[in-house]
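A.B. asks: Take a look at this one; I'll ask things after.
Readers should treat all values here as calculations from the given coordinates under stated rules, not as data from a laboratory. What you see is a predicted model; the values in this text were computed from it and never measured. Glycine gets a Cβ as well: all are built from the backbone with ideal geometry, and neighbour counts include every protein chain shown.
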Amino acid sequence: MKSLDAVIISGYGYDSLSVVSGLRLNIDNQPGTIQQIKKTLHPDFDIDHCPTWADAPHLNGITLFDHCTKAGFACEIIEKYDPRKNYADVAGQSPTAVIISTTYIFSKLQFTSIVTSVRQQFPDAIIIAGGTWIYASYLLHCKISDAEYDTGSAADSYLFLSEEDEHLADYYIISTSGLGLLSGLLSTLKQGEHTDTTGIAVSTPRGIVFNGVDNRFSCERFNIDWAQLPDHVFSRGVISLQASNGCPYRCAFCNFQRDRTTTYLRPLDELIADIKAVQARGIRYVRFVDDNFRLGKNDLNDTCRAFINAGLDVQWFSFIRLSSLQLADMQLLKESGCYSVQVGLESANQQILDNMEKKVDAAIYPDVISRLLHAGLNCTATFMMGFPGETEETVRQTMRFIQSMDMADAPGTAFWTIYPFMLAPLSPIYERASRDRYQLNGYLAEWRHTTMDSKTAVKHIKSMFLQIERPTPSYPEDDLDLLQTLSISQRKIFLNRRHDLAKTAKTHAISAEHLSRAFSDLL
């Protein structure tokens, strides 16, 4: 058996910080998706390869695999690493290194669990870690000497802040990009040598030795050779692509790193070439993973025309800033293949939006949402509960707005989810001046300020879940093909019945008989 140079771990299952996700219908400890319900009604129904937005292969893993393969390394991708699973088939190929990308890791507990398992299952492999969470950990490490900045609370959530972190991974890529650093490190390791390259931190018996940070941004990450990727990447018919990098906005709650030098808008011809390439591999659904589709530029109509003129035959989904949709031709958006958009509304209260530095007028919300839905587009609106300034009245205001999104006469469908405010390190609200302004204390999920505390915020979310009849919460794990076998009216009936059952399940056990009565005429 041919040996591997590297195993790439790109994810760690499906996690959501949304309180609503945990309140939705649950069947056998799984989200109550349309395919899970149909499987209950028809046991022979195959749910193993359903196309869902939640299961689009992670672009970070694809990018790493593509780069390392082009550099001549033999690699395997593990899309969602499960420490409970046995990876003997991959470990048997004696990989030199295991690369852990932390783009979808949110805590030290997750990271430690992965590393501990990798040490057990790949005992001879060198562990290399990099990505968003590692970079954030380094930025916090650099703030340790700042007495005004609370790094102590972050020691249980991030690396490089306590001595217990010193012997987890062997090497850390400290970079906003890091592809060149990674391939160079793999070459060095294969030759049995050591490195002191800028941007690579090394774990030693004396602790972690940092060699600075590498912030060189390269567009190379976008130049993926889709034709040479393994078939399993395309097996579900859904893929992740990126139309831009970064976000020009700086919302107060957001801890994504906003380095202007890494903000990049991909040329449309390159983007269309990518879509055609994945379409040739059997892809029918494209999920754009932009923080803000095409940086929120006002070129959405031009982008849609380009997609139409190129004759693309995929349906796509993206996060799009609502203000970018204000001047959009919704029919053009629909004709371009757009299936659904996600918009971060956060609150229906203007003062809270101003506190958040959202730079948006809440008065535009109703019209844009209405035009989306009446054009036959689906829309998922996300909200945040508990940001400083939140009160009982602002909660009611947001709940009334969510209820107003239910437009039974529109061919499109509205969805919603609510996240509790998180006091996250590296976000503007985490700074001492902002904390003092709102008398804000605490850390991450546990906080208190002048108008609310975290426990009250969570109670409000749970209460809203029960009070809001329509529209219904989002299930990004739903089988897209199966949903579209239903007519528009059938789809809305299905969604409404599911939400009703989810609320019933809070006080009564839901059996297969309940599911049969609710859905047998639809599925």
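A.B. asks: Can you work out the Karplus-derived ³J(HN,Hα) for every residue in segment 105-112? Use 6.51 cos²θ - 1.76 cosθ + 1.60 with θ = phi - 60°, whole Hz, and x for glycine or proline.
C.D. replies: With the stated coefficients, segment 105-112 comes to 10, 10, 8, 5, 4, 4, 4, 4 Hz.
A.B. asks: If packing is taken as the mean number of other Cβ atoms within 10 Å per residue, what is the order of 182-189, 226-233, highest first?
C.D. replies: 182-189, 226-233
A.B. asks: While we're on this one: Within segment 56-70, find all residues whose amide N lies under 12 Å from a label point positioned 7 Å from the Cα of Arg216 along Cα-to-beta-carbon.
C.D. replies: none
A.B. asks: Enumerate the amide H contacts of Tyr12 below 5 Å, restricted to partners 5 or more residues apart or on another chain; note that Pro and chain-start residues carry no placed amide H.
C.D. replies: Close amide H contacts, sequence-distant or interchain: Tyr81.
A.B. asks: Another question, then. State to the nearest 20 debye the size of the charge dipole of the chain about its Cα centre, where the only charges are +1 on K and R beta carbons and -1 on D and E beta carbons.
C.D. replies: 900
A.B. asks: When N counts the residues of segment 154-241, how does its alpha-carbon radius of gyration compare numerically with 2.2 N^0.38 Å, as a ratio?
C.D. replies: 1.38
A.B. asks: On C-alpha positions alone, give me the angle between the axis of helix 488-504 and the longest principal axis of the chain, in degrees, nearest 10.
C.D. replies: Compared with the principal axis, the helix lies near 80 degrees.
A.B. asks: Averaging over every viewing direction, what projected area does the convex hull of the Cα atoms of segment 72-123 cover, in nm²?
C.D. replies: Computing the convex hull of the Cα atoms and averaging its projections yields 3.9 nm².
A.B. asks: Under the 0.36 nm per residue contour assumption, what length would be gained going from the current alpha-carbon distance of Asp46 and Gln351 to full extension?
C.D. replies: 104.9 nm
A.B. asks: What residues qualify as long-range amide H neighbours of Ile126, i.e. H under 5 Å apart, gap of 5 or more or another chain, H built at 1.01 Å from N?
C.D. replies: Ala97, Val98
A.B. asks: Right, another one. Let me spell out the model: positive unit charges on the Cβ of Lys and Arg, negative unit charges on the Cβ of Asp and Glu, origin at the Cα centre of segment 397-523. What dipole size does that give, in debye rounded to 20?
C.D. replies: 540
A.B. asks: May I pose another question? Under a point spin-label approximation (7 Å from Cα along Cα-to-Cβ), what is the Gln93-Lys190 distance to one decimal in nm?
C.D. replies: Result: 1.4 nm between the two label points.
A.B. asks: Please compute the volume of the convex hull spanned by the alpha-carbon atoms of the chain and report it per residue in Å³.
C.D. replies: Dividing the Cα hull volume of the chain by its residues yields 151 Å³.
A.B. asks: What nm value, rounded to one decimal, do you get for the distance between Glu270 and Lys462 when each label is placed 7 Å out toward the C-beta?
C.D. replies: A separation of 4.8 nm, rounded to one decimal place.
A.B. asks: Could you check how many percent of all C-alpha pairs in segment 372-523 are farther apart than 25 Å? Each step should come with its number before you reach the end.
C.D. replies: On the way: 4870 of 11476 pairs.
Cα-Cα pairs of segment 372-523 separated by over 25 Å account for 42 percent.
A.B. asks: Further question: Leu64: net charge of surrounding residues, Cβ under 14 Å, Lys/Arg +1, Asp/Glu -1, itself excluded?
C.D. replies: Combined, the nearby Lys, Arg, Asp and Glu give -4.
A.B. asks: Calculate one ³J(HN,Hα) per residue across segment 342-352 by plugging θ = phi - 60° into the Karplus curve 6.51 cos²θ - 1.76 cosθ + 1.60, and present them in order as whole Hz with x for glycine and proline.
C.D. replies: Each residue of segment 342-352 in turn: 10, 10, x, 8, 6, 7, 9, 9, 5, 5, 5 Hz.
A.B. asks: Taking the 0 to 90 degree range and rounding to the nearest ten, how far is the long axis of helix 392-404 tilted relative to the main principal axis of the chain, both from C-alpha atoms?
C.D. replies: 70
A.B. asks: For the chain, with the dipole built from +1 on Lys and Arg beta-carbon atoms and -1 on Asp and Glu ones, taken about the Cα centre, which of Thr33, Ser434, Ile127 lies farthest toward the positive end?
C.D. replies: Working it through, the farthest residue towards the positive pole turns out to be Thr33.
A.B. asks: How far is helix 365-374 tilted off the main Cα axis of the chain, in degrees rounded to 10, range 0 to 90?
C.D. replies: The angle comes out at about 80 degrees.
A.B. asks: Determine, for Ile468, Ile128, the number of other Cβ atoms within 10 Å of each Cβ, and report the residues in order from fewest to most.
C.D. replies: By the 10 Å Cβ count, ascending, the order reads Ile468, Ile128.
A.B. asks: Now a separate question. Compute, for segment 370-422, the length of the dipole vector about the Cα centre, with Cβ point charges of +1 (Lys, Arg) and -1 (Asp, Glu) only. Units Debye, rounded to 20.
C.D. replies: 140
A.B. asks: Just to confirm the filter: which trypsin sites (Lys or Arg not before Pro) across segment 426-512 are DSSP coil and have at most 16 other Cβ within 10 angstrom of their Cβ?
C.D. replies: Lys506
A.B. asks: Moving on. Would you mind giving the three semi-axes, in whole Å and largest first, of the ellipsoid equivalent to segment 222-280 according to its Cα gyration tensor?
C.D. replies: After scaling each eigenvalue by five and taking roots: 28, 14, 9 Å.
A.B. asks: Using only helices, what value at 222 nm comes out for the chain when you add -39,500 (n - 2.57) per DSSP H run of length 4 or more and divide by the total residues, to the nearest 500 deg cm²/dmol?
C.D. replies: Theoretical 222 nm ellipticity from helices: -9500 deg cm²/dmol.
A.B. asks: Between His499, Ile308, Phe383, whose Cα lies farthest towards the positive end of the dipole of the chain when Lys and Arg beta carbons carry +1 and Asp and Glu beta carbons carry -1, centred on the Cα centre?
C.D. replies: The residue sitting most towards the positive pole is His499.
A.B. asks: At a 10 Å Cβ-Cβ cut-off, how would you order Leu181, Leu327, fewest neighbours first?
C.D. replies: In order of increasing Cβ crowding within 10 Å: Leu327, Leu181.
A.B. asks: Report the one residue of Thr52, Leu268, Gly22 whose Cα lies farthest in the direction of the positive end of the charge dipole of the chain (charges on C-beta: Lys and Arg +1, Asp and Glu -1; origin at the Cα centre).
C.D. replies: Of Thr52, Leu268, Gly22, it is Gly22.
A.B. asks: Within the chain, what's the longest stretch lacking GluC sites (Glu not before Pro) that sit in DSSP loops with no more than 13 other Cβ atoms inside 10 Å?
C.D. replies: After excluding every exposed loop site, the longest remaining stretch is 194-468.
A.B. asks: Oh, and also: Fewest first, what order do Thr450, Thr69, Thr198 take by the number of other Cβ atoms within 10 Å?
C.D. replies: In increasing order of surrounding Cβ atoms, one gets Thr450, Thr198, Thr69.
A.B. asks: Please label the shape of segment 182-292 as rounded, prolate or oblate, based on the square roots a ≥ b ≥ c of the eigenvalues of the alpha-carbon gyration tensor (a/c under 1.5 means rounded; beyond that, a/b larger than b/c means prolate, else oblate).
C.D. replies: The shape class here is oblate.
A.B. asks: Amide H of Gly376: which non-local residues (sequence gap of 5 or more, or other chain) have their own amide H closer than 5 Å, using H built in the peptide plane?
C.D. replies: Excluding prolines and chain starts, which carry no amide H, the hits are Gly412.
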